[in-house]
Structures are given as structure tokens and as C-alpha cells.
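Heads up, the thing below is written out as C-alpha cells.
What follows draws every value from the coordinates through simple rules; no lab data is involved. This structure is a prediction, so every number in the text was calculated from the model and none was measured. As a convention, Cβ positions derive from the backbone with ideal geometry for all residues, glycine included, and neighbour counts pool all protein chains shown.
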Amino acid sequence: MSRYHYRALLGELRLYLCNHFVNKIPSHTIRLWYYRRIMKFQIGKKSFINLGCKFNCKGNFYLGDFSVINQGSHLDNRGIIFIGNNVSIGPQVKIITADHDLFSENCVGRQKKIEIDDYVFIGYNATLIGNAKMSKGSALGASSLLNRPVEPYCLFVGNPAVKKKIRPSNLNYKMDYNRLFQ
């Protein structure tokens, strides 16, 4: 077996363990150790990635301080995912950074960066795709689809998401959300 095949096999094993074993361990300490040391994710202090979350590759993932990603979310980090401080990401959220150009001859793959700034709230089963950027204090409602940058301190809902309301601009909380078996 060539050196290339050996590395590819180890990479696939690392990802398999991440998505089918580690993400089911009911211990934040063990999961975060694996994500930081083996998957090479940058995860801030007092942040949590709850049970059942899935990733697509090693690296390309940044999670700030006092942020939480709730259970069953899918984080496609083939492009870069940057999540700021005091962010709440609801259960079953999908953040998709890669797609295919359906209008190219070769259906070429593309990767894009998704940014989520400080004090963002993302509701249950929401989806972020493409070049989505959630500015500071913005919120995305449950089951909404976001595919573009949005303005700060606004609530967006729907498919595609549209602006509905304005949030307070003096947000000052910490998402210290440590549940024992999540």
C-alpha cells in the first residue's frame, strides 16, 4: 500500500470515528478532546458541541468562546466554518460550505466560507449554504434557509430567509449551556 493510500485510509478512519463513535459519547470532555487534538478544530473556552453532530473533514472549523452547537447538527466544513462568541446553534442545523457547479461541463466542486459572528442565534432545523454570513446579533428562525450575508441585529425567517424584525443592539450574554448528557 502506497504512502498516499495509507494517509487517505487514516483520514477516512479519523472521520468515521468522529461521526459514528465519538459524536455519541456522552462526555463533552472526551468529544472536545477528539475534536481539538484529532480533528484539529479550534474550539474556544466554555463552548460545546452536543451529541450527534457530524463533520465532513479535518480542520476548517473555528468555534469561539461560550458558544453551543446543539444535537444532530451537520457541519460541512470542507469550506471554512467560522463561528464567533456567544452563538447558539439549534438542533438539526445544517451548515453547508460545498456544492457543485451544475452549469459547468465537469460539474466541478466548489467550497465557500460561512461566517457566523458573535451573539447569533440559529433556530431548529435551519440551513445555511453558499456564502451565507450572519452578522453580529442576527438571528435565523427555525427551518429557514439562508444563502447570503445578512445585516446585524435582525431576525430572518423563511425559505429563502427574509428580514422580519430587529433585535436589540446591546446584547451582552454568555451561552454557558452545559447539559450533562448532551
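Observations on the model:
- The range 62-148: translational diffusion in µm²/s, Stokes-Einstein, Kirkwood Rh over Cα pairs, 25 °C, 0.890 mPa s: 190
- For Arg78, Arg36, order by how many other beta-carbon atoms lie within 10 Å, fewest first: Arg36, Arg78
- The lysine pair count for the range 1-143, using Cα distances under 16 Å and pairs eight or more places apart or on different chains, is 11.
- Point-to-point label distance, Leu9-Thr29, nm (Cα→Cβ direction, 7 Å offset): 3.4
- Of all DSSP beta bridges in the range 121-174, antiparallel share, percent nearest 5: 35
- Taking the number of Cβ atoms within 10 Å of each Cβ as an exposure proxy, the fewest-first ranking of Ser47, Ser27 is Ser27, Ser47.
- Calculated SAXS-style log₁₀ I(q)/I(0) at q = 0.21 Å⁻¹ - the range 1-77, Debye, Cα scatterers: -0.89
- Here the Debye sum runs over all C-alpha atoms of the chain as equal scatterers in vacuum, and log10 of I(q)/I(0) at q = 0.09, 0.12, 0.16 Å⁻¹ comes out as -0.32, -0.56, -0.96.
- The residues Thr97, Thr29, when put in order of fewest to most other Cβ atoms within 10 Å, stand as Thr29, Thr97.
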